[in-house]
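To keep things clear, I will list the structure first and then write my remarks on it.
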Amino acid sequence: MKKRSCLLLGLIIVLAACQPKQSKKEPVKISPLAEEVKKEFVRTWDAYKKYAWGHDVLLPLSKSYQDWYEESLHISPIDAYSTMKVMGLDEQAKEVENYVIDFINWDKDLFVKTFEVNIRIMGGLLAMYEYTYDPKILLKAEDFGKRMLKAFDSPTGLPYYWVNLKTGETKGTKINLAEAASYMFELGILSYYTGNPVYYQTAKKANMAIWERRSKLNLVADLIDVETGEWLNDHSHICAGADSYYEYLYKSMLLFGDKDSQKMWDVSIKAINKYVAEEDEKSLWYGRVNMHTAERDCIDPHSGRQFASVVTLYDAFFQSILALDGDLRRAEKTQDTWNNLWNKYGLEPMIYDYKDSEPTYPVYDLNPEIIESAYYLFHITGKQKYYDMAEKYWSDIKKYCRTEIAFSSVEDVRTMKKKDYMPTFFFAETFKYLYLTFTEETGEFNLDNYVFNTEAHPFPKKSFEPEKVKKNLGLE
């Protein structure tokens with residue numbers, strides 16, 4: 001009996017060995033549009049490597065490069081990394097990881113813009129750590145964070161416009177709302193990963209300094225002095241210069257569950273929809289009002305003209321937050337409003353007066369915001385119209401912005417004359433949101449499971465355990 005059992009066991013082993021091995025998971029088939037976006041990303045990245053490697057940005061017409069400051073901060077690779085991971089470009093991503101670990105040093109005698117390096121460099125490094133959990137990358141991020149903290153050493157706790165990465169010196173006392181209080185998201189993530197609440201608490205102190213200075217209408221202005229805490233104008237809006245302040249109120253609530261952030265968002269959005277929104281049967285714009293009176297006939301002291309109906313293409317992010325917040329009526333109507341503007345020219349002008357129906361600054365800088373909102377609305381509503389919008393935006397970008405080696409900004413959307421510049425957020429955001437829209441049906445990336453920073457670097461909600469968040473961010 002024992003012998004028969006052994007023979008039977010041997011037969012089973014032989015048969016098992018003869019069975020074909022299980023094949024690896026088949027790669028998900030993506031649409032031709034998604035394949036095209038991915039191919040164009042690789043083509044553009046290859047151009048950056050050929051003509052601008054080691055520098056901040058690619059100049060796509062002259063086939064050259066430009067740095068933001070006297071020395072490169074390597075912004076393009078750091079910004080591009082998370083898009084590579086989303087697209088499954090692991091070979092390119094690994095090259096960036098090695099570059100960050102082996103060649104980047106933040107001990108640079110440079111004055112850098114606090115806000116801009118936070119969303120790009122800090123956000124990008126943190127996303128890189130989230131993908132790799134390589135402690136060397138976290139060390140790079142924390143080193144950068146420690147240098148950034150020096151910017152917040154002001155009488156109000158608001159950050160100075162400039163901070164020197166090497167010396168910690170600061171300068172620039174006048175900052176806009178976004179530059180004053182758009183740090184809770186990145187610095188909160190840094191606190192979570194390092195277990196040091198000082199980063200988040202420093203960022204939150206800046207937010208509270210703004211909140212304490214709101215008007216009786218629960219509106220805040222867009223320009224403040226970091227040393228005196230005095231508002232330098234009374235313009236209230238959600239446009240460029242204010243946009244990410246509101247975005248991060250919502251996203252800090254969403255990722256960290258910060259009740260103070262939730263209160264600030266809830267009160268702010270109610271005031272914005274009551275006083276700032278300007279709606280008629282066909283459109284919904286978020287213009288500009290006096291923070292104290294909500295009047296729209298404010299005069300811009302720099303130009304002597306009314307500024308109430310001036311918007312920027314950066315504002316087109318707002319409907320994505322409205323949609324996340326469940327306000328689909330306003331989100332969809334605002335998207336339609338911006339979509340009509342896009343279709344009027346074929347691209348969006350940077351600054352537009354919706355009452356005069358004229359651009360006041362006609363540049364298009366390869367911005368992603370309207371594409372971002374189309375992606376969010378397509379994911380949340382499932383309506384084909386938003387996919388079709390993204391397809392149209394991509395078609396127009398190819399038509400007017402594609403160059404021999406990459407993509408360029410446009411100097412004037414009325415003439416479509418190209419401009420020799422490609423912002424780093426084209427890698428980080430525009431390519432990413434197009435790809436995610438065109439791969440939505442695969443289910444490989446589910447927006448419900450992530451929160452993006454304002455530069456489109458994604459962070460999985462599951463990575464942030466509520467109890468650990470409370471402890472590491474100092475929310476207890």
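Here are a few things to note about the model shown:
- So GLU186, is it surrounded by fewer than 21 Cβ atoms within 10 Å (Cβ to Cβ) and either of a type outside the set (A, V, I, L, M) or part of a helix (DSSP H, G or I) (or both): no
- Unmet criterion (only one of (1) over 18 Å from the mean Cα position of the chain (by Cα); (2) crowded, with 22+ Cβ neighbours inside 10 Å) for PRO359: (2)
- Of all the criteria given as (1) surrounded by fewer than 23 Cβ atoms within 10 Å (Cβ to Cβ); (2) closer than 23 Å to GLN319 by Cα, the one not satisfied by THR228 is (2).
- Within segment 210-237, the set of residues being in a strand (DSSP E or B) and not aromatic (Phe, Trp, Tyr) comprises LEU223, ILE224, ASP225, HIS235, SER236.
- First in segment 341-355 and without any contact (Cβ under 8 Å) to a residue 40 or more places away in the chain, second anywhere and not in a loop (DSSP other than H, G, I, E, B), Cβ under 8 Å, 6 or more apart: LEU341/TYR352; MET350/THR312; MET350/LEU313; MET350/PRO359; MET350/TYR361; MET350/TYR364
- THR167 being of a type in the set (Val, Ile, Thr), more than 24 Å from GLU278 (Cα to Cα) and in a helix (DSSP H, G or I): no
- Pair list, Cβ < 7 Å and 6+ apart or interchain, from segment 83-107 residues that are within 17 Å of THR424 (Cβ to Cβ) to residues that are part of a loop (DSSP other than H, G, I, E, B) and modelled with pLDDT of 95 or more: VAL86/PHE445; ILE104/HIS74
- Within segment 130-164, the set of residues being exposed (fewer than 15 other Cβ atoms within 10 Å of the Cβ) and in a loop (DSSP other than H, G, I, E, B) comprises TYR133, ASP134, ASP153, PRO155.
- Checking ILE370 against (1) in a helix (DSSP H, G or I); (2) more than 21 Å from GLY326 (Cα to Cα); (3) in contact (Cβ under 8 Å) with a residue 40 or more places away in the chain, the condition it does not meet: (2)
- Residue match in segment 201-209 (condition: over 23 Å from PHE459 (Cβ atoms), in a loop (DSSP other than H, G, I, E, B), touching a Ser or Thr at 6+ places or on another chain (Cβ under 8 Å) and hydrophobic (A, V, I, L, M, F, W, C)): no
- Only one of PHE407, PHE452, PHE426, PHE378 that is out of contact with any strand residue (DSSP E or B) (no Cβ under 9 Å at 6 or more places or on another chain) and buried (at least 21 other Cβ atoms within 10 Å of the Cβ): PHE378
- Scanning segment 403-435 for residues that are charged (D, E, K, R) and within 15 Å of ARG43 (Cα to Cα) yields GLU404, LYS432.
- GLY474 meets all of the listed conditions (1) touching a strand residue (DSSP E or B) at 6+ places or on another chain (Cβ under 7 Å); (2) surrounded by fewer than 20 Cβ atoms within 10 Å (Cβ to Cβ); (3) over 30 Å from TYR361 (Cβ atoms); (4) touching a residue at least 24 places away in the same chain (Cβ under 8 Å) but one, namely (1).
- Between ARG402, ARG414, the distinction of being basic (Lys, Arg) and more than 28 Å from LEU73 (Cβ to Cβ) belongs to ARG414 only.
- Leading residue by the ranking (surrounded by the most Cβ atoms within 10 Å (Cβ to Cβ)) among those in segment 170-179 that are part of a helix (DSSP H, G or I) and out of contact with any Pro (no Cβ under 8 Å at 6 or more places or on another chain): LEU177
The values are calculated or read from the model by the stated rules, or taken from the named source; none is laboratory data. As the structure is a prediction and not an experimental result, all values here were calculated from the model. Cβ sites come from the backbone with ideal geometry, for glycine too, and all protein chains shown count toward neighbours.
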